[in-house]
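Trainee: Can you read through this structure? Questions will come right after.
Here, each number is a calculation from the coordinates, and none is a lab measurement. What you see is a predicted model, and the numbers here were worked out from it, not measured in a lab. When we count neighbours, we look across all protein chains shown, and the Cβ atoms used for this are built from the backbone with ideal geometry, even at glycine.
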Amino acid sequence: MSKGADPGVLTEEARPLAQSQKSMKKREAILRAAIEIINTKGFAAATMTDIAAALDLRDAALYYYFPNKQALAYAGHQRSLERFEAILIAIEADGGTGLCKLRRFLRALLEDGVVNGPQLYFGDHSYLDAAQQRAIDSWTGRLARKLERFLEEGMDDGTIAPCEPRLVVQLLVGMLIWLTKWTPTTPGLTNERLLEAIETTALSGLARPR
């Protein structure tokens with residue numbers, strides 16, 4: 001800001017930054033609404049009009065950020081995987097046993113959903129073009145491998161029973177996907193209750209010790 005300028009008036013240098021920040025927030029809001037609607041209705045049934053209406057916008061406002069619904073969905077997958085990866089990196093940096101990491105990951109993923117909304121389900125991306133599908137598959141595979149390492153570390157340090165890490169990761173992620181899809185209708189549901197249910201079924205086991 002030049003000397004003597006009115007502090008309440010944006011300079012030419014400040015305007016682009018303010019506009020960029022506003023644009024980023026609007027893009028994030030669009031992605032969040034799109035993810036929620038696509039998760040609920042499915043890609044085919046979800047429309048740009050539905051997504052715009054959820055934000056009290058005109059359809060044209062969405063096309064300023066995304067050229068079509070497929071591009072919007074692809075961005076939703078990318079944003080979801082970014083969030084997933086950030087959680088894995090943070091958990092890894094904090095250290096601990098394999099089981100400790102796995103528990104912290106599950107909690108962090110549920111807490112992230114409260115703050116940032118649901119993630120776009122990883123299971124179905126058949127509506128993307130071939131190059132987009134390959135990119136998502138490659139990224140998903142890399143993240144699954146990171147999660148598998150928590151299980152391998154747990155088996156090495158004795159905190160996790162012998163298992164097939166790849167299969168267990170698929171089961172855990174599938175469980176989280178369906179939990180977040182169907183459990184919001186459960187009265188009085190909290191993350192603590194979800195974590196307790198996951199702890200009982202996935203980490204401790206249902207069978208009572210003899």
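Trainee: Quickly work out the ALA86-to-ASN191 label distance, labels modelled 7 Å from Cα along the C-beta direction, and quote it in nm with one decimal.
Mentor: Here the answer is 1.4 nm between the modelled labels.
Trainee: With a sphere of radius 12 Å drawn around the Cβ of LEU109, what net charge do the other residues whose Cβ falls strictly inside it have (Lys, Arg +1; Asp, Glu -1)? Could the numbers behind the result be given before it?
Mentor: Values: positive: ARG83, ARG103, ARG104, ARG107; negative: GLU85, GLU111, ASP112.
So the environment of LEU109 carries a net charge of +1.
Trainee: Another question about this same structure. Could you please rank VAL168, VAL115, VAL173, placing first whichever residue has the fewest other Cβ atoms within 10 Å of its Cβ?
Mentor: VAL115, VAL168, VAL173
Trainee: Return the loop-located trypsin sites (Lys or Arg not before Pro) in the stretch 35-98 (DSSP other than H, G, I, E, B) with at most 14 other Cβ atoms within 10 Å of their own Cβ; answer none if there are none.
Mentor: Here the trypsin sites (Lys or Arg not before Pro) that fit, given the DSSP loop and packing criteria, are ARG58.
Trainee: Could you pull the Rg and Dmax for the stretch 93-140, using just the Cα atoms, both in Å?
Mentor: According to the Cα coordinates of the stretch 93-140, Rg and Dmax are 14.6, 40 Å.
Trainee: Further question on the same structure: Per 0.36 nm of contour for each residue apart, how much would the distance between ASP124 and ALA71 grow if the chain were fully extended, relative to their Cα-Cα spacing?
Mentor: Numbers: separation 53, 0.36 × 53 = 19.08 nm, distance 1.52 nm.
Length gained, ASP124 through ALA71: 17.6 nm.
Trainee: With a point put 7 Å past each Cα toward its Cβ, work out how far ARG145 is from VAL114 in nm, to one decimal.
Mentor: 3.4 nm
Trainee: Another question about this same structure. Expected output is a single nm value to one decimal: the length gained when fully extending between THR159 and SER138, i.e. 0.36 nm times separation in residues minus the C-alpha distance. What is it?
Mentor: That pair, THR159 and SER138, stretches by 4.6 nm at full extension.
Trainee: Here's a follow-up. Calculate I(q)/I(0) for the stretch 22-73 by the Debye formula, one identical point scatterer on each C-alpha and no solvent, and give its log10 at q = 0.23, 0.31 Å⁻¹ to two decimals.
Mentor: Values returned for q = 0.23, 0.31 Å⁻¹ are -0.78, -1.43.
Trainee: Could I ask something else about it? If you take every residue apart from CYS163 with its C-beta less than 13 Å away from the C-beta of CYS163, what net charge results, scoring Lys and Arg +1 and Asp and Glu -1?
Mentor: Around CYS163, the surrounding residues sum to -4.
Trainee: Kindly provide the Kirkwood hydrodynamic radius of the stretch 14-204 in Å, to one decimal, from all pairs of distinct alpha carbon atoms.
Mentor: Here the Kirkwood hydrodynamic radius works out to 18.1 Å.
Trainee: Once you list every other residue whose beta carbon is under 12 Å from the beta carbon of PHE84, what net charge do they have if Lys and Arg are +1 and Asp and Glu are -1?
Mentor: +1
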